[in-house]
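*Asks:* The structure under discussion is supplied below as structure tokens; questions concerning it will follow.
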Amino acid sequence: MADQHAQSHEENRPTEIPAIRWDEPPEGPVLVLLDQTRLPAEEVELVCTDAPALVEAIRTLAVRGAPLLGIAGAYGVALAAARGFEVDDAADALASARPTAVNLSHGVRRAQAAHRAALVAGGDQKQAAEAALAAARALHKEDAEASARMAEHGLALLDELLPGGNHRILTHCNTGALVSGGEGTAFAVALAAHRAGRLRRLWVDETRPLLQGARLTAYEAARSGMAYTLLTDNAAGSLFSAGEVDAVLIGADRIAADGSVANKVGSYPLAVLARYHHVPFIVVAPVTTVDPDTLDGASIEVEQRAGHEVTELTAPQVPVAGAEAGGGIPVAPLGTQAYNPAFDVTPPELVTAIVTEEGAVSPVTTEALAELCARSRRVVGGQVDHP
């Protein structure tokens, strides 16, 4: 079950509503999300009281972004445990809610393993639920810390590749605090450049068909006081040809063992443009996004979304002429088939560097990524965790 309520905040200030939080009102624990389908018009919180509500929030993109999906998945397992639902069923439903984002299943299985370990150790259901919640909170904290380190490593790489500052960065989709326990991935690097006085311009792809760049990245950039300009996705080529882009920074939903990067559809064309125009193409993502079990780009399952996202203009925030809130205005003839992959895959040879909390990998090779993952192995709950 889920319900929504709005909160008002002063304009032109960073949002005080976290993208995700655990709450324990008298009626029982809940997971509270900032509903990203309502931004930028409204800051509305969505309250989930069970795993099915969270699964729906994930599928409708009320909560999105690879690192945040991992955190949400872990909290979802904790929610099921705390509310007395079947934990394994909830975990399976959550893990499969969006197939491309590997962080989601990583977070789910981590909390599920903590819950199971507590039971095996002789704990009761309450203790097992507390163990799952502790695992979710630990993941949340680790992601915030990883975000800060990615920003540091990413800015250092930018300054190395582009001495002198005044960076003009092009980004795609949304990779800020709305996708993270901290300040984000690729956006966090741009924000670090802004704070250091070395960001000249953030070019923001609108990111069709759901406009995560226009609605969310522009929202975060404005809140942070960054110099930014919004462009249609198909205008990026003209920016490159005019010499107006110094670097491309994107996030990732899954990175295969060979360095192939799945990210929001439209990323691969930017990589091709960047290579032709000799512009660095940099992927910023936590190590948990690297999936050693996915051998190459062809092995990445790409989510296919509903055609109406392409054939209609959606109105998620407020009613407009001809449509109700959450509905859409047709822009194609009735019955038009639509091709609507959520992601595309960029091969490693087009990626200048992958920046993680453990540092940057460049050139991007299977061996370099394997070494990075080996360095990042850590002990979690008494077991070795392999991101």
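*Asks:* Considering each of A90, A97 in turn, give the residue that is in contact with a helix residue (DSSP H, G or I) (Cβ under 7 Å, 6 or more places away or on another chain) and either in a helix (DSSP H, G or I) or in the same structural domain as T294 (by TED's automatic domain parsing) (or both).
*Replies:* A90 is the lone residue from the list that is in contact with a helix residue (DSSP H, G or I) (Cβ under 7 Å, 6 or more places away or on another chain) and either in a helix (DSSP H, G or I) or in the same structural domain as T294 (by TED's automatic domain parsing) (or both).
*Asks:* Could you check how many residues of the range 220-257 are among the acidic types (D, E) and within 22 Å of the chain's Cα centre (by Cα)?
*Replies:* 3
*Asks:* Report, by residue number, each residue of the range 77-101 that is of a type in the set (S, T, N, Q) and surrounded by fewer than 17 Cβ atoms within 10 Å (Cβ to Cβ).
*Replies:* If the condition is that a residue be of a type in the set (S, T, N, Q) and surrounded by fewer than 17 Cβ atoms within 10 Å (Cβ to Cβ), then S96 is the only one that fits.
*Asks:* Can we say R223 is farther than 16 Å from G154 by Cβ, in contact with a helix residue (DSSP H, G or I) (Cβ under 7 Å, 6 or more places away or on another chain) and either of a type outside the set (V, I, T) or at pLDDT below 95 (or both)?
*Replies:* no
*Asks:* Of all residues in the range 244-281, count the ones that are without any contact (Cβ under 8 Å) to a residue 12 or more places away in the chain and among the aromatic types (F, W, Y).
*Replies:* Count: 0.
*Asks:* For the range 220-229, check the following and say yes or no: at least one residue is free of Cβ contacts under 8 Å to residues at least 40 places away in the same chain, touching a Phe, Trp or Tyr at 6+ places or on another chain (Cβ under 8 Å) and surrounded by fewer than 20 Cβ atoms within 10 Å (Cβ to Cβ).
*Replies:* yes
*Asks:* Find the residue count for the range 218-229, including only residues that are under 15 Å from A193 (Cα atoms), in contact with a strand residue (DSSP E or B) (Cβ under 7 Å, 6 or more places away or on another chain) and either outside the structural domain of T207 (by TED's automatic domain parsing) or outside any helix (DSSP H, G or I) (or both).
*Replies:* The number of residues fulfilling the criteria is 3.
*Asks:* Now, a different point. Provide a single number: the residues in the range 23-66 that are within 21 Å of S96 (Cα to Cα), touching a residue at least 60 places away in the same chain (Cβ under 8 Å) and acidic (D, E).
*Replies:* 0
*Asks:* Same structure, new question: Determine which member of the set A93, A81 is out of contact with any strand residue (DSSP E or B) (no Cβ under 6 Å at 6 or more places or on another chain), among the hydrophobic types (A, V, I, L, M, F, W, C) and within 13 Å of A132 (Cα to Cα).
*Replies:* After ruling out the rest, the residue left standing is A81.
*Asks:* Would you mind finding the one in G84, G73, G122, G154 that is in the same structural domain as L249 (by TED's automatic domain parsing), at pLDDT 95 or above and of a type outside the set (D, E, K, R)?
*Replies:* G154
*Asks:* Then there's this: Residues being part of a helix (DSSP H, G or I) and buried (at least 20 other Cβ atoms within 10 Å of the Cβ): count how many of those fall in the range 31-52.
*Replies:* 1
*Asks:* OK, next. Hey, among A80, A117, A121, A128, which residue is in contact (Cβ under 8 Å) with a residue 60 or more places away in the chain and over 20 Å from the mean Cα position of the chain (by Cα)?
*Replies:* A117
*Asks:* Look through the range 53-68, keep the residues that are β-branched (V, I, T) and in contact with a helix residue (DSSP H, G or I) (Cβ under 7 Å, 6 or more places away or on another chain), and return whichever of them is surrounded by the most Cβ atoms within 10 Å (Cβ to Cβ).
*Replies:* For the range 53-68, the residue satisfying everything is V63.
*Asks:* Among the residues of the range 230-237, is there at least one that is in a loop (DSSP other than H, G, I, E, B), in contact (Cβ under 8 Å) with a residue 12 or more places away in the chain and touching a strand residue (DSSP E or B) at 6+ places or on another chain (Cβ under 9 Å)?
*Replies:* Yes - at least one qualifying residue is present in the range 230-237.
The values are calculated or read from the model by the stated rules, or taken from the named source; none is laboratory data. Model, not experiment: these values are computed from the prediction. All Cβ positions, glycine included, derive from the backbone under ideal geometry; neighbour counts span all protein chains shown.
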